[in-house]
């Protein structure tokens with residue numbers, strides 16, 4: 001049989017298309033598998049106690065991880081308060097002020113920072129904050145997570161601000177409105193939703209971090225509400241502790257806590273996507 | 001190229017319609033433009049190393065409409081953007097020469113471009129109202145964001161006055177708090193004019209203000225321009241020659257030189273430029289031989 005060039009091209013096309021589909025399926029499949037596995041393992045141990053009770057001594061049944069949830073909220077709150085404004089500020093600098101050369105340097109630095117292993121950031125903050133303050137704290141953990149959020153925030157807000165048409169800035173400048181006022185009152189409101197989306201994604205990313213917390217929050221089996229006063233627990237840390245321990249009750253709680261964490265992150269990401277789509 | 005012979009008034013044959021009521025007969029005097037209008041002297045402008053304007057001279061007569069026409073890419077927009085220092089907003093853009101507003105050089109040392117832009121307003125090619133603001137807030141934006149006025153009653157008064165001047169008040173008075181983006185294209189452009197007028201500029205620049213509009217909206221804006229010319233000095237860039245003939249008192253013609261830098265080849269009262277141009281190139285352009 002004579003295979004024409006046309007048929008061969010068609011076959012190649014079909015093959016490549018098929019390969020792409022398989023890879024796409026694999027990429028999505030991993031997420032579905034993780035979600036499904038965690039849900040299947042954790043959903044059985046999900047109960048009200050998990051959210052309201054403190055950890056009980058090893059080997060005893062019952063108890064919960066309320067202290068970890070509160071700790072996570074405090075730490076992420078601190079991280080958001082530091083990381084979001086600084087990140088948006090950097091994004092404004094990149095999109096509105098930086099020249100070609102300086103902008104490229106800052107952008108490259110941000111990209112490198114995104115790639116720094118989070119445990120290294122943990123050690124860095126340990127040296128910078130924990131050693132100086134003399135104790136582990138929510139503040140140190142918040143700073144570590146803020147550093148992780150920073151480059152994500154900076155790059156996403158730069159992109160969002162760039163999406164605001166140049167004509168908007170020119171309209172404001174031509175009215176004799178100063179540069180900073182133009183950015184504050186015209187550019188940022190126009191990019192509002194995108195900035196919020198970026199912030200949510202950065203928070204979602206930081207919420208799941210564990211490694212930097214080992215060196216900064218340390219973990220604490222009791223409830224701590226103090227920002228600077230000592231070790232504090234976090235959901236991801238509690239999962240790590242419980243999952244690496246030998247007790248099956250703790251394993252179950254680790255699965256349940258993973259369930260909570262992964263669903264929270266999922267919901268935040270979903271909210272961010274929906275926000276962006278509604279523009 | 002021989003310039004001396006006055007060419008036949010071919011432009012009139014081409015059917016340009018002149019509607020100017022109080023048509024100026026004589027060229028504007030430099031003294032007049034110096035006192036109350038704008039004077040451009042030996043203006044050069046660059047984008048990076050690429051020269052966009054070479055030695056441009058122009059007079060903008062007070063309370064008259066000066067049209068700048070010419071083929072695409074000849075530097076019309078660059079010229080008009082130099083008149084309120086918007087040119088330098090583009091990265092790596094710079095300009096040299098003098099642009100005198102009531103005799104003061106706006107490129108002089110120590111002159112704040114922000115102050116210049118308050119005195120010389122601008123309307124752009126595409127209507128660009130602020131999409132996050134209401135109709136009212138758009139008109140008030142120049143006042144509020146400059147920190148000029150604080151009192152609400154004052155803002156309301158200025159907004160109404162500006163919208164009336166822009167012949168838009170009757171159409172929007174019931175939807176002042178609606179988003180500006182709900183207006184039609186022509187209404188949005190008149191809103192942008194009202195927004196520019198609200199800060200009480202001395203000169204209004206219009207960069208092809210009708211090129212994104214339909215014919216009816218275009219005529220409305222043209223009528224509006226004639227109305228505004230009673231109070232404001234107006235400079236308009238257009239590549240629509242009929243429009244220049246219809247609305248302007250004076251016309252400047254720009255062309256691209258060999259190196260793509262824009263040059264001013266003719267300037268005079270509109271009727272003269274369209275009927276008895278001094279330059280052969282002007283005639284070729286307005287009779288449609290090129291451009």
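Bear in mind these aren't lab numbers, they're just calculated from the coordinates by the rules spelled out. In this text the structure is predicted, and so the values were computed from the model without any measurement. Cβ sites come from the backbone with ideal geometry, for glycine too, and all protein chains shown count toward neighbours.
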query = Between residue A:133 and residue A:251, what is the spin-label point distance in nm, taking each point 7 Å from the Cα along the Cα→C-beta axis?
reply = 3.6 nm
ask   = Separation between the residue A:14 and residue A:222 pseudo-spin-labels, each 7 Å from Cα along Cα→Cβ, expressed in nm?
value = 7.1 nm
inquiry  = Can you tell me which of B:75, B:185, B:110 moves the most in a GNM of chain B? Springs connect C-alpha atoms under 10 Å apart.
reply    = B:110
task = May I ask you to compute the full-extension gain from residue B:258 to residue B:290, defined as 0.36 nm times their residue separation minus their alpha-carbon distance, rounded to one decimal in nm?
result = 10.0 nm
inquiry  = Suppose R0 equals 30 Å. What FRET efficiency, 1/(1 + (r/R0)^6) with r the Cβ-Cβ distance, do residue B:242 and residue B:89 give to the nearest 0.05?
reply    = 0.45
ask   = Where is the GNM fluctuation largest for chain B (alpha-carbon springs, 10 angstrom cutoff): B:135, B:115, B:235?
value = B:115
remark   = Note on chain A: alpha-carbon gyration tensor, axes a ≥ b ≥ c; rule is a/c under 1.5 for rounded, else prolate if a/b larger than b/c, else oblate; result oblate
request  = Please work out the C-alpha center-to-center distance from segment B:63-134 to segment A:139-174 and express it in whole Å.
outcome  = 29 Å
Per-residue Cβ neighbour rank within 10 angstrom, fewest leading, B:200, B:92 = B:92, B:200
query = Under the rule of -39500 (n - 2.57) per DSSP H run of 4 or more residues, summed and divided by the residues of chain B, what mean residue ellipticity at 222 nm is obtained, to the nearest 500 deg cm²/dmol?
reply = -10000 deg cm²/dmol
request  = Kindly put A:108, A:215, B:274 in sequence by how many other C-beta atoms sit within 10 Å of each C-beta, fewest to most.
outcome  = A:108, A:215, B:274
Helix axis angle, B:152-165 relative to chain B longest principal axis, alpha carbon, degrees = 30 degrees
ask   = For the residues A:33, B:191, A:145, B:219, what sequence is obtained by ranking on other C-beta atoms within 10 Å, fewest first?
value = A:33, B:219, B:191, A:145
note = Candidates B:42, B:266, B:208; GNM for chain B (alpha-carbon contacts under 10 Å) flags as most fluctuating B:42
message = If you fit an axis through the alpha-carbon atoms of helix B:215-228 and take the longest principal axis of the Cα set of chain B, what angle between them do you get, 0 to 90°, nearest 10?
response = 90 degrees
Rounded tilt (10° steps) of B:135-146 against the dominant C-alpha axis of chain B = 80 degrees
